[in-house]
Amino acid sequence: MKLNERSLAFYATCDAPVDNAGFLYKKGGRHAAYHRRWFVLRGNMLFYFEDAASREPVGVIILEGCTVELVEAAEEFAFAVRFAGTRARTYVLAAESQAAMEGWVKALSRASFDYLRLVVRELEQQLAAVRAGACPPPPLPRRPSALPPKENGCAVWSTEAPVASAALSGSEPPPPPPRRRASAPHGPLDAAPFAQLHEWYGQEIRALRSRWLTSRAQP
Amino acid sequence: MRYNEKELQALSRQPAELAAELGMRGPKKGSVVKRRLVKLVVNFLFYFRTDEAEPVGALLLERCIVAREEPSGFSISFMEDPERKYYFKCCSEEQCQEWMEALHQASYEFMRRSLIFYRNEIQKMTGKDPLEQFGISEEARFQLSSLKE
């Protein structure tokens, strides 16, 4: 399949916001060694470079449809990015600290375009409700966060003006995100309310956390 | 650059935001217009030969420029090389408008800005941060400070 790799490489190194960045060890293959690479998460693309100063990525992992899990590995702070389907590759990665691992797991679990679109649609509905004068929806019971609050690694933030699409100006709402065609079924979660979907995404993180706690408790 | 092609192929089979048979011409000099099934899925534009299940190619739509190309067509190019254009021919004004609108919004960066906008508006009107209930209010990627006002 052809892919606009040059554009991809530019996206990797442009000054759009970075969602997470840092060194991770990446396992080469099933029986291969780990290589230390500089990883940059931007949107639903996880780029990896030879090192932090490299100008072009070695590769990219496109993150739509993946799940993030803890794994049993010789390496400490290891986790896996897993895709569905037969013969699908599983990427085993290892961070350099517990905090970094948790930051990456959290960031990667919620990196998909799909997830972001869900959140945007939910907020769009909330804003419409508020503007219509209805009471704002009651806040959901505050879930204790599964992971310690704060930090997602060394996110670099840029103040570059938005480019190539209309800038948001004044109080003009952006057009609603494109809807999926009703005729195209997406799966069991498609009709679920947002809170349920968010809970589903959050479950994984809480499960990972409790497994980690359990494994730490063992002598 | 290495990439997980299998997963990209799987993505091309997901339900599309928009799909249609369009005329398509690549950026190389001397390219001819070909009929392609063009499919928009998240922030990728896939294009297929009309009778094939696997895409010929995909375009990641981040930092793209969508421009009108008369008559009833549009082009996609990228910020690092705006003159290198992929041309698409629609069968009507309406279809052309529909595609340009959809492509305009089909980027992660656009979604992010929309989220920040809605969050800020809701916060201004209700005094509450709507992201708190989802436990994601602290994520750097959703902060208002990331936008230049």
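Just so you know, all these numbers are worked out from the coordinates, no wet-lab data involved. All values derive from a computational prediction rather than experimental measurement. Please note: Cβ atoms are built from the backbone with ideal geometry, for glycine as well, and neighbour counts cover all protein chains shown.
Worth a mention:
- Residue-span extension gain [residue A:15 to residue A:128] - 0.36 nm each, minus C-alpha spacing: 37.4 nm
- Remark on residue B:57: its backbone amide H falls under 5 Å from those of A:2, B:47, a criterion applied only to residues 5 or more positions apart or on other chains, H modelled at 1.01 Å from N.
- Exposed-site-free run, longest, chain B (rule: trypsin sites (Lys or Arg not before Pro); DSSP loop; at most 15 other C-beta within 10 Å): B:50-127
- Region B:49-72 residues near the modelled residue B:93 label - backbone nitrogen below 14 Å, point 7 Å along Cα→Cβ: B:70-72
- Spacing of the two label points (7 Å from each Cα toward its C-beta) at residue B:126 and residue A:2, in nm: 4.7 nm
- Whole-angstrom gap from region A:83-118 to region B:60-118, using each part's C-alpha centre: 29 Å
- Cut-off 11 Å between beta-carbons: net charge of the residues surrounding residue B:70, Lys and Arg +1, Asp and Glu -1: 0
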